[in-house]
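Okay, so here's the structure we're looking at.
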2 protein chains.
Amino acid sequence: MPHPLFDKHRATLDGALQAIATRGYWSPYPEIASGKIYGETANADAKAAFEASLNKPFDLDQPGTTGRVGKETSPYGFALGITYPKPDIGKLIAASKAAMPAWRKAGVDARAGVCLEILARINKQSFAIAYAAMHTTGQGFMMAFQAAGPHAQDRGLEAVAFAYSEMSRTPKTARWEKPAGRGDPIKLDKTYTIVPRGIGLVIGVSTFPTWNGYPAMFADLATGNPVIVKPHPAAILPLALTVKIARETLKEAGFDPNLVLLAADDPEAPIAKELATRPEVALIDYTGGPGFADWLARNATQATLFAEKAGVNTVVIDSTSDGKGMLQNLAFSLSLYSGQMCTTPKTLFVPKDGIETEAGHQSFDDVARGLAIAIDKLLGDPARAVEILGCIQNPATLARVDGAAREGQVVRASAALEHPSFAGARVQTPLLVKVDVARDKVYTEETFGPVAYIVPTASTADSLSRAMGTAKAKGAITAALYSTDAAVIDQAVDAAADAGVSLSVNLTGGIYVNQSAAFSDYHATGCNPAANASLTDAAFVAPRFHVAQSRVPVAA
Amino acid sequence: MPHPLFDKHRATLDGALQAIATRGYWSPYPEIASGKIYGETANADAKAAFEASLNKPFDLDQPGTTGRVGKETSPYGFALGITYPKPDIGKLIAASKAAMPAWRKAGVDARAGVCLEILARINKQSFAIAYAAMHTTGQGFMMAFQAAGPHAQDRGLEAVAFAYSEMSRTPKTARWEKPAGRGDPIKLDKTYTIVPRGIGLVIGVSTFPTWNGYPAMFADLATGNPVIVKPHPAAILPLALTVKIARETLKEAGFDPNLVLLAADDPEAPIAKELATRPEVALIDYTGGPGFADWLARNATQATLFAEKAGVNTVVIDSTSDGKGMLQNLAFSLSLYSGQMCTTPKTLFVPKDGIETEAGHQSFDDVARGLAIAIDKLLGDPARAVEILGCIQNPATLARVDGAAREGQVVRASAALEHPSFAGARVQTPLLVKVDVARDKVYTEETFGPVAYIVPTASTADSLSRAMGTAKAKGAITAALYSTDAAVIDQAVDAAADAGVSLSVNLTGGIYVNQSAAFSDYHATGCNPAANASLTDAAFVAPRFHVAQSRVPVAA
């Protein structure tokens, strides 16, 4: 049964299906925050709308509201003052469950069409999402636009494409005809129905609420599951806008808007545990600390858990033919969003005897100092620096920086910067600390925020062994290697596969180890403690549905 | 890199890939226990070999053996007296882990080729597996041959095909080329590696050790994970033979035989909990009671759990145009292997005012009595009866039959039968009990074994609601419907999809609701409490591996 929204977005879906199979560059959502693309007044309109939304109730009409919650504060230094519906959890669950049967019956094509229409409408609101993301995550505006906007939309579409592809592998019907010796064959007509698992709970993170949330939301929706979005209490607005757009689209398309519900809470009265352990919740997607991930694994045993937790991303520096490019690239990776990315390098391993470069031998200290200088240069212009650094999302991160400085020898001190436009903004430059190789308790634990450790090792073999050992034991989402030696590269590629970590080799230009491109890069593998799932592979979507069949003998 | 075993079995793999996509009838392993197919002396040789193996140590050369275990007793009335290696679990885990890296590096094709070679060799040993299954599960010989032999092999191959298909969706390499305005595009070369999750633990069941075990074993192996097989202490032999064949094949193919290890135990010293909670164990497949499945979910949180538990399969009788065929079909379903199948109907719902048939109206009691008579007729010849019934696997099942008879009005009494060939065999015919509709505690709980309840309901709508409500609340793997009314059939198909249960409609000939054909029928859905996984869908294989990638800039 063709659905008009499926037909409307068919080319986009086909493009996505092609892209996840071939894994080249592809995106239907322009990442350039240009008025030519998004409308000449789009930026100004979104900014005005954001400012007008402050200190007011967020307009979201959904069932089971018992009051208001919402205590978001912009890392740029002011309270948002926006309030959201405070949910009665029982009523939210009931509304979610009630929406499920008709959504299942709508079928694969209709659901994909509606998901793509939601994404298309979200894309049009990219500037609005950008301001919401900027003032909750603390990202610089351009990063907020791209990461919370088109790049997150790409990840959502990727999940729809994977879900569509997996659901399409089962035919709708089959004729089963078994030979029966000399008699007539036994014939059965079979029908196969894609059936959803149950309610999908998406527990958001404060740093990348949409980029980490959309894959789960759209994987759930596409496979027939209703979604309850529980944002991080510090970053509700980007997901509230998303839920609002999704509900409007569903309603217009003739479906129950309660297929997507917001469950916001305040930090002092968290509701995630109650939601997660409800028997109706069959799928949980969580991004955040490993402590709560473990709690979910032990307590929400009725649900399938997709969790991205924490890890220690490493860089192994062996040798380079472009020392300047290497240091510039690393300086940017360490500075971007003040290291508050789950893909930011945390520990750099360099042989204590130094490395070979195009300009000859460099000592360990040359490399360390070179990196510090590259960071200084990158952040030399404060106006540009604040755009790269953004703000510190959580004040607790600042205390961590102070602690880290005492763990070794400070190669580059962290400093607060004043933001030219926002008086109270928490801007902080990266700290680089040289740590003795024996103090592995320091550099094999995640220090979230603008902190990196540089560690002198016995050799590159020692570096690789420590980097991959840490990934296996503590988890890692990214790893980087700089080497001009093909044998070292081969070794590292193999060791990284063994440790289940994505490896970037010799990045010197405009691509950074932190970046993960939808349709091509797998974000996390699910094969080390950093995550039990990957964005997006088949394992991310396949467990969200199953197949129910019926069979009936064919009349003779 | 083409592997000779991949080339050798390529046609079989292609056939399986085609079959899982089109879901028609297909099987490469003949289900007919014929000397013409398996060799004229195959049966006699296997029987002699089985008898010669009794009261001796089972010859299995594997590391970490600290003694002997094994206390299997044939349900046909004699102790097997076979002993197996008693494992040092630490050493077993270490050997399993050590085998993993080379198996990952062998790649998708080589692993598939080796898996298919193992299956081909198991197929040749189908008679040996049949005697082992018969004298551990208690199945009649022909059923043991088919279910533990070719049908289990089909299920194993199906898992390999699904795994191969899922692993093949990611290309080995990709060129990523992102436009960069007027500058040169950014180019990265990417490589993708399939990486396994870790050790796969397969916890066997006493009734269908190979049929339920092979999908997990071969899904794990094909996706690069080593396997430790922990058989049920009452049914070790079929899996020990399997492990032996797998180890021999791996060794001959140049791989570490420790990729497949046996971890046998005695009932009084179970080792499953210790194995399941080892951090190296990443995948657990379990078939058995819901109590231990829940324990695994709460305690083995480091692993992904695929569990088939228990449920209450139902039959809704609304109307029929072939009353005799219906009753014969149901009589066989209730009698086969004395109801010790997870697919056996347990509760039959019939309107209290009776049903319409081709021979006119029949009262509830007519239907109930008719079914009792059909069972009597089916089992009238004791020599034939024991082949259908097999033996009661677990003596505890007999006590359950006595208890069930006191729950309502006995329509057909259960009786012990003497086996013409085995003096001590536990043969027991099915009990049929009429239970009042209000006593739902009785008929909505699984009574494993030769027990069925027949329940008078207000109407077919009431029957359907109770049947599907039970499936949702307590789980069900199968459901059956008899109706001549297209609207009732449509309703039931929809309600069964909603309850996540497979529905068979109007089976009257040589296909029974208990039967599930590989490549076409999904066994369990994973969408109700009977199981959290399905044999075999994408969700059964996709979480067993992930993708690790590396990327490197393309030199300008």
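What the table below lists for this structure:
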read-out: Given (1) within 14 Å of chain B (Cβ to nearest Cβ); (2) charged (D, E, K, R); (3) touching a helix residue (DSSP H, G or I) at 6+ places or on another chain (Cβ under 7 Å), index of the condition A:Lys97 fails; value: (3)
read-out: Residue within segment B:502-523 that is on the phi > 0 side of the Ramachandran plot and not basic (Lys, Arg) present; value: yes
read-out: Segment B:487-505, residues that are under 24 Å from the mean Cα position of the chain (by Cα) and of a type outside the set (Val, Ile, Thr); value: B:Ala496, B:Ala497, B:Asp498, B:Ala499, B:Gly500, B:Ser502, B:Leu503, B:Ser504
read-out: Filtered residues of segment A:30-60 (kept if more than 14 Å from chain B (Cβ to nearest Cβ), of a type outside the set (A, V, I, L, M) and either surrounded by 15 or more Cβ atoms within 10 Å (Cβ to Cβ) or without any contact (Cβ under 8 Å) to a residue 12 or more places away in the chain (or both)); value: A:Gly35, A:Tyr38, A:Gly39, A:Glu40, A:Thr41, A:Asn43, A:Lys47, A:Phe50, A:Glu51, A:Ser53, A:Phe58
read-out: Residue, surrounded by the fewest Cβ atoms within 10 Å (Cβ to Cβ), within segment B:73-91, restricted to residues that are touching an Asp or Glu at 6+ places or on another chain (Cβ under 9 Å) and closer than 28 Å to B:Ser338 by Cα; value: B:Ala79
read-out: Options A:Thr460, A:Thr508: the member that is within 10 Å of chain B (Cβ to nearest Cβ), over 21 Å from A:Pro290 (Cβ atoms) and not acidic (Asp, Glu); value: A:Thr508
read-out: Strands (runs of 3 or more DSSP E) wholly inside segment B:301-404 containing at least 3 residues that are in contact with a Gly (Cβ under 8 Å, 6 or more places away or on another chain); value: none
read-out: Among the candidates B:Glu166, B:Glu177, B:Glu158, residue that is within 11 Å of chain A (Cβ to nearest Cβ), within 30 Å of B:Pro28 (Cα to Cα) and charged (D, E, K, R); value: B:Glu166
read-out: Residue in segment A:154-161 that is surrounded by fewer than 24 Cβ atoms within 10 Å (Cβ to Cβ), in a helix (DSSP H, G or I) and touching a residue at least 60 places away in the same chain (Cβ under 8 Å) present; value: no
read-out: Segment A:249-273, residues that are loosely packed, with under 15 Cβ neighbours inside 10 Å and either part of a helix (DSSP H, G or I) or among the acidic types (Asp, Glu) (or both); value: A:Lys251, A:Glu252, A:Glu268, A:Lys273
read-out: Failed item, numbered, when A:Ser463 is tested on (1) modelled with pLDDT under 95; (2) assigned to a helix (DSSP H, G or I); value: (1)
read-out: Long-range neighbours under 9 Å by Cβ, at least six apart or interchain, first residue on the phi > 0 side of the Ramachandran plot within segment A:353-376, second surrounded by fewer than 19 Cβ atoms within 10 Å (Cβ to Cβ) and among the charged types (D, E, K, R); value: A:Gly354/A:Asp365; A:Gly354/A:Asp366
read-out: Any hit, segment B:182-194, residues being over 17 Å from the mean Cα position of the chain (by Cα), without any contact (Cβ under 8 Å) to a residue 60 or more places away in the chain and more than 10 Å from every other protein chain (Cβ to nearest Cβ); value: yes
read-out: Criterion (under 22 Å from the mean Cα position of the chain (by Cα), surrounded by fewer than 20 Cβ atoms within 10 Å (Cβ to Cβ) and of a type outside the set (A, V, I, L, M, F, W, C)) met by exactly one of B:Gly526, B:Gly510; value: B:Gly510
read-out: Selected residue (criterion: farthest from A:Gly475 (Cα to Cα)) from residues of segment A:274-292 that are under 19 Å from the mean Cα position of the chain (by Cα) and surrounded by fewer than 22 Cβ atoms within 10 Å (Cβ to Cβ); value: A:Phe292
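Table: residues versus (1) outside any loop (DSSP other than H, G, I, E, B); (2) more than 8 Å from chain A (Cβ to nearest Cβ).
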| residue | (1), (2) |
| --- | --- |
| B:Tyr512 | no, yes |
| B:Ser520 | no, no |
| B:Ala533 | no, yes |
| B:Ala539 | yes, no |
| B:His546 | yes, no |
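The values are calculated or read from the model by the stated rules, or taken from the named source; none is laboratory data. Not measured: the values here are computed from a predicted model. No Cβ is skipped: glycine too gets one built from the backbone with ideal geometry, and neighbour counts run over all protein chains shown.
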